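Structure record follows, encoded as structure tokens.
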Amino acid sequence: MQPLIPKLIRYSVVGGVVMGVFTALNWLLGHRFGKDVSFLLAYPPAVTLHFWLNKRWTFGCERTDAVRQFSEYVVMVLVTFAIQAAVFKLLTTFTGIPGWAAAAAANAAQMAVTFLAMQFRIFRNAPEL
């Protein structure tokens, strides 16, 4: 098992790179398709990049069951989006913190759950038999 701190650093770098790619694609596509369509068009390549960078670099996973891993990853993305939305709603409803701070806290919760799901399920070294 790889040490946790370097893995968390790589996970953070991947997040920053993917955010940059997603933002750049939104900017490039937005000129032609508008903000809503560009957001939808930029999301699949960003999610795919996030999957592959985390699989290979963050977690060093060399397993060949990528189709199963990617399908689990997509489910994880949907579940963690629901978690993020729920945390945001709870914080904005029951606390006085500003929306931007609630969004940051909700994103941090989503990132923690995502890391744990990838570490212990999706990209763990020993596949299920």
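The values are calculated or read from the model by the stated rules, or taken from the named source; none is laboratory data. Keep in mind it's a predicted model, so treat the numbers as computed, not measured. When we count neighbours, we look across all protein chains shown, and the Cβ atoms used for this are built from the backbone with ideal geometry, even at glycine. Note: areas computed on protein heavy atoms with side chains; ligands, DNA, RNA excluded. Shrake-Rupley method; radii C 1.70, N 1.55, O 1.52, S 1.80 Å.
With every protein chain left in place, what is the accessible area per residue of the chain in square angstrom, probe 1.4 Å? It would help to have the intermediate numbers written out before the result.
Numbers: 8140 Å² over 129 residues.
For the chain, the solvent-accessible area averages 63 Å² per residue.
Over the stretch 60-129, what relative contact order in percent results from Cα pairs under 8 Å that are six or more residues apart? All intermediate terms of the calculation are to be shown ahead of the outcome.
On the way: 41 pairs, mean separation 30.9, N = 70.
After rounding, I find 44 percent.
For the charge dipole of the chain, defined by +1 on Lys and Arg C-beta atoms and -1 on Asp and Glu C-beta atoms about the Cα centroid, which residue among Met19, Ala109, Val77 has the Cα displaced farthest towards the positive pole?
Of the candidates, Met19 comes out farthest on the positive side.
In degrees between 0 and 90, to the nearest 10, how far off the longest principal axis of the chain does helix 99-117 point, with axes built from Cα atoms?
10
Farthest toward the dipole's positive end in the chain, which of Thr58, Gly99, Ala42, given Cβ charges of +1 (Lys, Arg) and -1 (Asp, Glu) about the Cα centre?
Of the candidates, Thr58 comes out farthest on the positive side.
Under a Cβ-only charge scheme (Lys and Arg +1, Asp and Glu -1), can you give me the dipole magnitude of the chain about the Cα centre, in debye to the nearest 20? It would help to have the intermediate numbers written out before the result.
On the way: 11 positive and 5 negative charges, 27 e Å.
So the dipole magnitude of the chain works out to roughly 140 debye.
How large is the dipole of the stretch 54-129 about the Cα centre if only Lys and Arg carry +1 and Asp and Glu carry -1, each at its Cβ, rounded to the nearest 20 debye?
On the way: 7 positive and 4 negative charges, 10 e Å.
Charge dipole, the stretch 54-129, about its Cα centre: 40 debye, nearest 20.
Compute the distance from the alpha-carbon center of the stretch 10-89 to that of the stretch 99-124, in whole Å.
12
If you count, for each residue, the other Cβ atoms within 10 Å and average over each peptide, how do 48-59, 103-114 line up from highest to lowest? List each step's numbers first, then the result.
Values: 48-59: 18.6, 103-114: 16.5.
Taking the mean over residues of other Cβ atoms within 10 Å, the ranking is 48-59, 103-114.
Leaving out ligands, DNA and RNA, and with a 1.4 Å probe, what % of the accessible surface on the chain is carbon or sulfur? Could you put the intermediate results ahead of the total?
Details: 6140 of 8140 Å².
Ligands and nucleic acids excluded, carbon and sulfur reach 75 percent.
Using the Karplus curve 6.51 cos²θ - 1.76 cosθ + 1.60 with θ = phi - 60°, what ³J(HN,Hα) values do you get for each residue of the stretch 70-80, in whole Hz, with x for Gly and Pro?
My calculation for the stretch 70-80 gives 5, 5, 5, 5, 4, 4, 4, 4, 5, 5, 6 Hz in order.
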